[in-house]
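Asker: My structure is below; once you've seen it, I'll send some questions.
Just so you know, all these numbers are worked out from the coordinates, no wet-lab data involved. This is a predicted model, so every value here is computed, not measured. Glycine also receives a Cβ, built like all others from the backbone with ideal geometry; neighbour counts cover every protein chain displayed.
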Amino acid sequence: MENYLVAMAVFAGLYALLALGLNVVWGMTGMINLGLVGFFGLGAYASALLTRAHRAPIVLGLAAAALVTAAAGAAMALTTARLRGDYLAIITLGFSEVVRLVASNELWLTNGTDGISGIPGPWRGRVTPQTFNVVYLAIVALAVLAVFALCQRIRSSPYGRVLRAIRDDDQVAAVAGKRVIVFKVQAFAVSAAILGLAGALWGHYTSFIAPDVFTPLVTIYVVLALTAGGTGNNVGAVLGAALVIFLMEATRFATGWVGMLKPVQVAALREALIGGALLVVLRVRPRGLLPERLARS
Amino acid sequence: MAQRLSRRAFLEVGVTSLAVAAVPTRVRAQAGAIRLGTLTPLTGSGGNYGPSMLKAMQWVAGEINAAGGVLGRKLELVSEDDQTNPEAGVRAARKLIDLDKVAAIMGTWASAVTTAVAPLCWESKTFLTTVSGSDTITLLPHQGYLVRTQPNTQLQGRKFAEFMVAQGSKRVGILAVQAPFALPTQKIVGEELRKHGAELVAAVVYDKDKTTFRSEIDQVLRARPDMLYLNGYTPDVTIVLKDLYKAGYTGAKIAQAYAVNQKLLNALPPEVTEGTFTIAPSPAIESAAYKRLAQALGNDDLDPYSCQTHDHISLVALAIAHAKGESTGTAIRDHVRKISQGSGAHVESAVEGLKRLAQGKEINFDGASGPCDFNEIGDILDTKFRYEQAEKGKFKLLKIA
């Protein structure tokens, strides 16, 4: 039981990282990124390849993942500088599919659809699976704390105020003398780095990645997490991520509560319950559980 | 500026965390029940197969329990959905392993899900049985905690080569779609052909989204093959067959049964498909196990995966019985080959096998999917294949062997 809760806390932490990363670019800067799973995957592959094939230490893998995805994010922001709204959403969605297709087809690098297994984890194999779980929870918690602190710092700084100005009206921000494109590129890079870090941590935790892991389903879960938690609010991002994992896991136990249901019906009902619960949240609290509250200065 | 939680927000967070604490631990089963996990794709792209795979396992568990269980202990199945997604599959497997403490997880379908779940299983000494076909799965360092009942590329390639040689082919050409199996199949077919004195004279890999394959076909035909192996999926093989007809190719053709299916025969004029051979792994449809399962599920034409999961749970139950009731993943690992192969009495149902074991006899279980004999890395040694040939737009069964 404890081990299961610890494992789910790890997944909640990883989702929290993803939601925080999305919040930087979407919640704070107003650029939609529906390709976040692409950055998630890119980070996972970067770290896995480096630590597995080149036997680099995991810390180096994580750093490389953040760097590679930050560069990819910056490149994406530059190439899509003139796009916004739906058009940006489509391009980013396309990006994540490109990452998945490259991972499926470039056998020499990614081992194709078979994926990469045996990715090292900190002390994996040298301690019991239970201890590994707890150690990993500590690492993920630390990462969430650090990223959360960074995001809060960005949010409350004058820098964050510029991002919000761009979100609300980038022409006004430009007129006020801010170089909008620079801020957009930086925000995209920071966001992508966080997403990449989450991907790398996912790979080192489960020890296996494959193109099939990085499907748009994950993007949808994270967008839902942030929307339910409160777009623009870092506490909301973490809370929303925890809520989505809680809903996904709690609905497993529907068999115990409802009885009489066959597993196939439970499986279908689970998806309906998750969707329904999020609908309720958004109906009752359209701006999320913890709406963004702006500081008055 | 620090964020302050409003009273309402605090209440909501509080209620959520209370609800987490209130999740009831699963009602404890009657003492001594043996808990086994099923992890099949009930939703997602495998959703067509998962429900029937699960039903097959539930039926076997019901039969075993009705006959008094395994050494007097009932089987209790805990079923989870892997959503045909590795991420969801890992979470579901964690629940089965950590919360339900199952001795075995049975029925993973997608190769990516199996590869993602396998490390959790061997690390926590839980046995895993799968129907995934990817060659790499059994090469994982699974320490024996994994067996699979689906033939891998090696076995399928060997069967294709043997059949082509039996048809009198000396010069074989391959047209394959770009997919993980393309190159491994090509390699194994080439090796097997050479063993039988035949030759792989040309092999071309194509991109499946092209609208014509004339240049690829010309390239293969230049080597004057007398047999063409069309290793693709239905949409591209449809075009290849048309282009081959237009190119005037009159030699033999062979394809996977999932590519050249009845739908394809209906879509093309009979003269285009005439004589095409198909091969597919087949359940052991003549076996008593298959017939009983088909009757129980009310389906005369069972898919291979349901037959395989029928065998998974039977093997697991028999292994536990052979281990004198020790219901752990390690015991299953150590005993599964002692009831699945060897010189023991041939049995085709778990109930019958349990009876024999109780009498102190050794058994050799053969299931609805085939003989269920495993090599040291968990691959099946042999399975039945179904050989068919297109004749006037219909399939004619040649043999099941």
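Asker: Under unit Cβ charges (Lys, Arg +1; Asp, Glu -1), what dipole magnitude, rounded to 20 debye, does the protein assembly as shown have relative to its Cα centre? Spell out each step's value before the answer.
Answerer: Working: 69 positive and 53 negative charges, 367 e Å.
That gives the protein assembly as shown a dipole magnitude of about 1760 debye.
Asker: Please list the equivalent ellipsoid semi-axes of the stretch A:14-128, computed as the square roots of five times the alpha-carbon gyration tensor eigenvalues, in descending order and whole angstrom. Spell out each step's value before the answer.
Answerer: Details: eigenvalues 158, 57, 27 Å².
So the three semi-axes of the stretch A:14-128 are 28, 17, 12 Å.
Asker: Given the DSSP H assignment, sum -39500 (n - 2.57) over each helix run of at least 4 residues in chain B and divide by its residue total; what's the result at 222 nm in deg cm²/dmol, nearest 500?
Answerer: Values: 14 runs with 164 residues, N = 401.
Here the helix-only value at 222 nm equals -12500 deg cm²/dmol.
Asker: Calculate for chain A the 222 nm mean residue ellipticity that helices alone would give, adding -39,500 (n - 2.57) per DSSP H run of length 4 or more and normalising by residue count, nearest 500 deg cm²/dmol. Numbers along the way, then the final one.
Answerer: Details: 13 runs with 216 residues, N = 297.
Helix contribution divided over all residues of chain A: -24500 deg cm²/dmol.
Asker: Among DSSP bridges having both ends in the stretch B:53-181, what percentage is antiparallel? Round to the nearest 5.
Answerer: Once the DSSP bridges in the stretch B:53-181 are tallied, antiparallel ones form about 10 percent.
Asker: Would you mind computing, in nm to one decimal, how far apart the modelled labels at A:A272 and B:D334 are, each placed 7 Å from Cα along Cα→Cβ?
Answerer: Placing both labels 7 Å along Cα→Cβ, they lie 4.7 nm apart.
Asker: Anyone know which of B:Q262, B:Q58, B:Q156 comes out most mobile in the 10 Å Cα GNM of chain B?
Answerer: It is B:Q262.
Asker: Moving to a separate point now. Label the stretch B:29-113 by shape, choosing from rounded, prolate and oblate, from the square roots a ≥ b ≥ c of the eigenvalues of the Cα gyration tensor; if a/c is under 1.5 it is rounded, and otherwise prolate applies when a/b is larger than b/c, oblate when it is not. Mind dumping the intermediate values first?
Answerer: Details: a/c = 3.27, a/b = 1.62, b/c = 2.02.
In terms of gyration-tensor shape, oblate.
Asker: Cα to Cα, under 20 Å, and not fewer than 8 places away if on the same chain: which aspartates and glutamates meet these conditions relative to A:K184?
Answerer: Filter leaves A:D86, A:D168, A:D169, A:D170.
Asker: Then there's this: Eigenvalues of the Cα gyration tensor times 5, then square-rooted: what semi-axes does that give for the stretch A:2-215, in whole angstrom, largest first? Display every interim value, and only then the final one.
Answerer: Working: eigenvalues 197, 82, 34 Å².
The three semi-axes for the stretch A:2-215 are 31, 20, 13 Å.
Asker: Which aspartates and glutamates have a Cα lying under 17 Å from the Cα of B:K187, excluding residues fewer than 8 positions away in the same chain?
Answerer: B:D135, B:E162, B:E199
Asker: Compare B:T211, B:T278, B:T383 in a GNM of chain B, Cα atoms joined below 10 Å, and give the one with the largest fluctuation.
Answerer: B:T211
Asker: Suppose R0 equals 45 Å. What FRET efficiency, 1/(1 + (r/R0)^6) with r the Cβ-Cβ distance, do B:L183 and B:N48 give to the nearest 0.05?
Answerer: On the way: r = 28 Å, r/R0 = 0.62.
Efficiency at R0 = 45 Å is approximately 0.95.
Asker: Net charge near B:A93, counting Lys/Arg +1 and Asp/Glu -1 over other residues with Cβ under 15 Å of its Cβ? Please report the intermediate quantities before stating the final value.
Answerer: On the way: positive: A:R252, B:R35, B:R91, B:R94, B:K95, B:K101, B:K125; negative: A:E249, B:E80, B:D81, B:D82, B:E87, B:D98, B:D100, B:E123.
For residues surrounding B:A93, the net value is -1.
Asker: Give, in whole angstrom and from largest to smallest, the semi-axes √(5λ) of the equivalent ellipsoid of the stretch A:62-156, with λ running over the eigenvalues of the Cα gyration tensor. Provide the component values of the computation, followed by the final result.
Answerer: Details: eigenvalues 189, 113, 22 Å².
Output for the stretch A:62-156: semi-axes of 31, 24, 10 Å.
Asker: While we're here: Pull up all non-local amide H partners of B:I174: gap of 5 or more, or a different chain, and H-to-H distance under 5 Å with H placed in the peptide plane.
Answerer: Amide H to amide H, under 5 Å and 5 or more residues apart or across chains, B:I174 pairs with B:A202, B:A203, B:V204, B:Y229.
Asker: If the label point is 7 Å along Cα→Cβ of B:D207, which residues in the stretch A:105-120 have backbone nitrogen under 16 Å from it?
Answerer: Answer for this model: A:105-107.
Asker: How high is the relative contact order of chain B, given as a whole-number percent (alpha carbon pairs under 8 Å, six or more residues apart)?
Answerer: Numbers: 793 pairs, mean separation 63.2, N = 401.
Normalised by residue count, the contact order of chain B is 16 percent.
Asker: Computed over the Cα atoms of the stretch B:156-209, what is the ratio Rg over Rh, Rh following Kirkwood?
Answerer: Details: Rg = 11.0 Å, Rh = 11.2 Å.
The Rg/Rh ratio comes out at 0.98.
Asker: I've got another one for you. Once the dipole of the stretch A:98-187 is set up with Lys and Arg at +1 and Asp and Glu at -1 on Cβ about the Cα centre, which of A:I154, A:A141, A:V102 lies farthest towards its positive end?
Answerer: Towards the positive end, the residue furthest out is A:I154.
Asker: If each residue's Cβ is checked for other Cβ atoms within 10 Å, how do B:D207, B:D81, B:D98 rank with the fewest at the top?
Answerer: Values: B:D207 10, B:D81 29, B:D98 22.
Fewest-to-most ranking of B:D207, B:D81, B:D98: B:D207, B:D98, B:D81.
Asker: Using Cα-Cα distances under 8 Å and only pairs 6 or more residues apart, what relative contact order does the stretch B:117-209 have, in percent? Could the numbers behind the result be given before it?
Answerer: Working: 114 pairs, mean separation 23.4, N = 93.
The value is 25 percent.
Asker: Within the set B:K210/B:K394; B:K101/B:K355; B:K291/B:K394; B:K355/B:K399; B:K195/B:K291, which residue pairs have Cα atoms separated by over 32 Å? Let's see the in-between values first.
Answerer: On the way: B:K210/B:K394 27 Å; B:K101/B:K355 27 Å; B:K291/B:K394 25 Å; B:K355/B:K399 34 Å; B:K195/B:K291 37 Å.
Exceeds cut-off: B:K355/B:K399; B:K195/B:K291.
Asker: Moving to a separate point now. Under the Karplus relation 6.51 cos²θ - 1.76 cosθ + 1.60, θ = phi - 60°, what is the ordered set of whole-Hz ³J(HN,Hα) values for the stretch B:242-247, x standing for Gly and Pro?
Answerer: Each residue's phi maps through the Karplus curve to give 4, 5, 5, 4, 5, 6 Hz.
Asker: Can you classify the protein assembly as shown as rounded, prolate or oblate using the Cα gyration tensor, where a ≥ b ≥ c are the square roots of its eigenvalues, rounded means a/c under 1.5, and otherwise it's prolate if a/b beats b/c and oblate if not?
Answerer: Details: a/c = 2.23, a/b = 1.36, b/c = 1.64.
Taking the square roots of the gyration eigenvalues as a ≥ b ≥ c, the protein assembly as shown is oblate.
Asker: Tell me, what is the FRET efficiency for B:R224 and B:L297 to the nearest 0.05, using R0 = 45 angstrom and their Cβ-Cβ distance as r? Display every interim value, and only then the final one.
Answerer: On the way: r = 48 Å, r/R0 = 1.07.
After rounding to 0.05, the efficiency reads 0.40.
Asker: Residue-wise, which Karplus ³J(HN,Hα) couplings in Hz belong to the stretch B:281-291, taking 6.51 cos²θ - 1.76 cosθ + 1.60, θ = phi - 60°, and x for glycine or proline?
Answerer: Per-residue couplings from phi come out as x, 10, x, 7, 5, 8, 6, 5, 4, 4, 4 Hz.
Asker: Something else: Taking the Cα centre of the stretch A:2-215 as origin, sum charge times position over the Cβ atoms of Lys and Arg (+1) and Asp and Glu (-1), and report the length of that vector in debye to the nearest 20.
Answerer: On the way: 15 positive and 9 negative charges, 130 e Å.
Charge dipole, the stretch A:2-215, about its Cα centre: 620 debye, nearest 20.
Asker: For chain B, what size does the Cα cloud have along each of its three principal axes, sorted from largest down, in whole Å?
Answerer: 75, 74, 38
Asker: A follow-up question, please. Report the residue, chosen from B:R35, B:R224, B:R386, that carries the largest GNM mean-square fluctuation when chain B is represented by alpha-carbon nodes joined by springs under 10 Å.
Answerer: B:R224
Asker: May I pose another question? Tell me the label-point distance for the pair A:L78, B:Q359, using the 7 Å Cα-to-Cβ offset, in nm and rounded to one decimal.
Answerer: For the pair A:L78/B:Q359, the computed spacing is 7.9 nm.
Asker: Which residue, chosen from A:P57, B:I254, A:I209, occupies the Cα position most advanced towards the positive end of the dipole of the protein assembly as shown, where the dipole is computed from +1 (Lys, Arg) and -1 (Asp, Glu) charges on Cβ about the Cα centre?
Answerer: A:P57
Asker: State the extension gain, in nm to one decimal, for the chain segment bounded by B:K324 and B:K392, taking 0.36 nm per residue of separation less the distance between their alpha-carbons. Write out the running numbers ahead of the final one.
Answerer: Values: separation 68, 0.36 × 68 = 24.48 nm, distance 5.63 nm.
Gain on extension, B:K324 to B:K392, equals 18.9 nm.
Asker: Please work out the FRET efficiency for the pair B:V351 and A:A176, using the Cβ-Cβ distance as r and a Förster radius of 45 Å; give the result to the nearest 0.05.
Answerer: Values: r = 80 Å, r/R0 = 1.77.
Approximately 0.05, to the nearest 0.05.
Asker: Using Cα-Cα distances under 8 Å and only pairs 6 or more residues apart, what relative contact order does the stretch A:2-215 have, in percent?
Answerer: Across the stretch A:2-215, relative contact order equals 45 percent.
Asker: Tell me which of A:A173, A:M76, A:I194 sits at the most positive position along the dipole axis of the stretch A:2-215, charges placed on C-beta atoms (Lys, Arg +1; Asp, Glu -1).
Answerer: A:A173
Asker: Run the simple label-point estimate for A:R126 and A:L107 please: 7 Å along Cα→C-beta, distance reported in nm.
Answerer: Simple spin-label model gives 3.6 nm for this pair.
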